[in-house]
Amino acid sequence: MAALRPAGPRDSLRGKAYHVIFEHDAGWARRFDAVLIVLILASVGAVMLDSVAGLRARFGPELLAIEWFFTVVFTLEYVVRVWCVRPATGYMFSFFGLTDLLSVLPTYLSMVLPGGQYLAVIRVLRVVRVFRIFKLVRFVSEATVLTTALRNARYKIAVFITTVMCIVVVVGSVMYVVEGPAGGFTSIPRGVYWAIVTLTTVGYGDIAPHTPIGQTLASFVMLLGYAIIAVPTGIVTAEIALLPDMRGQGILPCPACERVELDPDARYCRFCGTGLKRIPPAA
């Protein structure tokens, strides 16, 4: 990903807009981000209130006006972001760029798809910026450790999920044969649904076996569920143990592309070439 930069000189209108919107140091930039967080939370709250039937019946027009107000504000903000940054596509296709775009689309979507405005709660993802605004870099590094561990364990997790899927298909099919429609297992997919609910120890109780064979199989699946829970936890924990101690190394994410360089000796981001910073090690 190319490093983001102002679309004009720092003293130009685009340069000043870039400084306020994309940089997160003291002054207007930090005030802008703080106000943005408040607007995001307020807009999500309005969407949630609009989903309550009683409040919608009483304050429907007001809540709709509020939602359109926030949508217009966020739309203008998105346009200004694209206008003041280069390369524009670098921002538009980044995580935050896509999130910013998706946060304004639901309200427009509601004009052709009733209820689409409730998808605007995706705006809450934009609150992730709070980690940068209030300099909570240690939270960012911890989140990066978990993300990296999950990425490194993706093949093991894929094998695990495939194995679980095979188990629930086999168990669901057997339960369909053993219990049949009389026991509520009207089809193999219905049996697979019961197997998933039972294996994950959720246990809705809407379907239950009645024959001795079915109950024996159900007991086995319940015990297997407790054993399976530990597998993904162990996989991810092992991957975390293999990662370097980011807290001790004081690693910060790249200020341009926001990826984290795990090499403690790196001085430049391997993805975009931007200079890296380090924070003092945690006490």
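The values are calculated or read from the model by the stated rules, or taken from the named source; none is laboratory data. A quick note: this is a predicted structure, and the numbers were derived from the prediction, not measured. Reconstructed Cβ throughout: ideal geometry from the backbone, glycine too, with neighbour counts over all protein chains shown.
Check off (1) surrounded by fewer than 16 Cβ atoms within 10 Å (Cβ to Cβ); (2) over 28 Å from Pro87 (Cα atoms); (3) in contact with a Gly (Cβ under 8 Å, 6 or more places away or on another chain) for Asp50 and give me the number that stays unchecked.
(1)
Does Val38 qualify as being surrounded by fewer than 17 Cβ atoms within 10 Å (Cβ to Cβ), part of a helix (DSSP H, G or I) and out of contact with any Pro (no Cβ under 8 Å at 6 or more places or on another chain)?
The answer is yes for Val38.
Each row is one residue, and each column tells you yes or no for (1) among the hydroxyl-bearing types (Ser, Thr, Tyr); (2) at pLDDT 85 or above; (3) assigned by TED's automatic domain parsing to the domain that holds Val85.
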residue	(1), (2), (3)
His24	no, no, yes
Ala29	no, no, yes
Leu39	no, yes, yes
Val47	no, no, yes
Ser51	yes, no, yes
Leu55	no, yes, yes
Gly60	no, yes, yes
Trp68	no, yes, yes
Thr71	yes, yes, yes
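Working only within the stretch 73-99, note down all residues that are small (Gly, Ala, Ser), touching a helix residue (DSSP H, G or I) at 6+ places or on another chain (Cβ under 7 Å) and crowded, with 17+ Cβ neighbours inside 10 Å.
Selection gives Gly97 alone.
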